[in-house]
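Remarks on the structure that follows.
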């Protein structure tokens, strides 16, 4: 039998959190989220209270939930000579 904290951890690994559903759909209300999920072809279930359950494995199989690896930082080297900082002093004649 899973304890309360074990159950919460298990649930987060199996289903998307409400914040993740909002992020994917860009909608806050459940009816708008259902419309967007239908449009994107993402399967979901509706709880008695009207909230949505989206399986993480289904979303990952579509390639939507796994974050992409950040690109390697590009190093640019500037070989131009550096100018002196500060105000320029002009020689008076």
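The values are calculated or read from the model by the stated rules, or taken from the named source; none is laboratory data. Bear in mind that the values here come from a model prediction, so they are computed numbers and not experimental data. For neighbour counting, all protein chains shown are included, and Cβ atoms are generated from backbone atoms with ideal geometry for every residue, glycine included.
Just a few scattered comments:
- Top-ranked residue in segment 12-39 [being in a helix (DSSP H, G or I) and in contact (Cβ under 8 Å) with a residue 24 or more places away in the chain; ranked as surrounded by the fewest Cβ atoms within 10 Å (Cβ to Cβ)]: 13
- If you check 74, 33 for being modelled with pLDDT of 85 or more and either more than 15 Å from residue 17 (Cα to Cα) or within 20 Å of the chain's Cα centre (by Cα) (or both), only one passes: 33.
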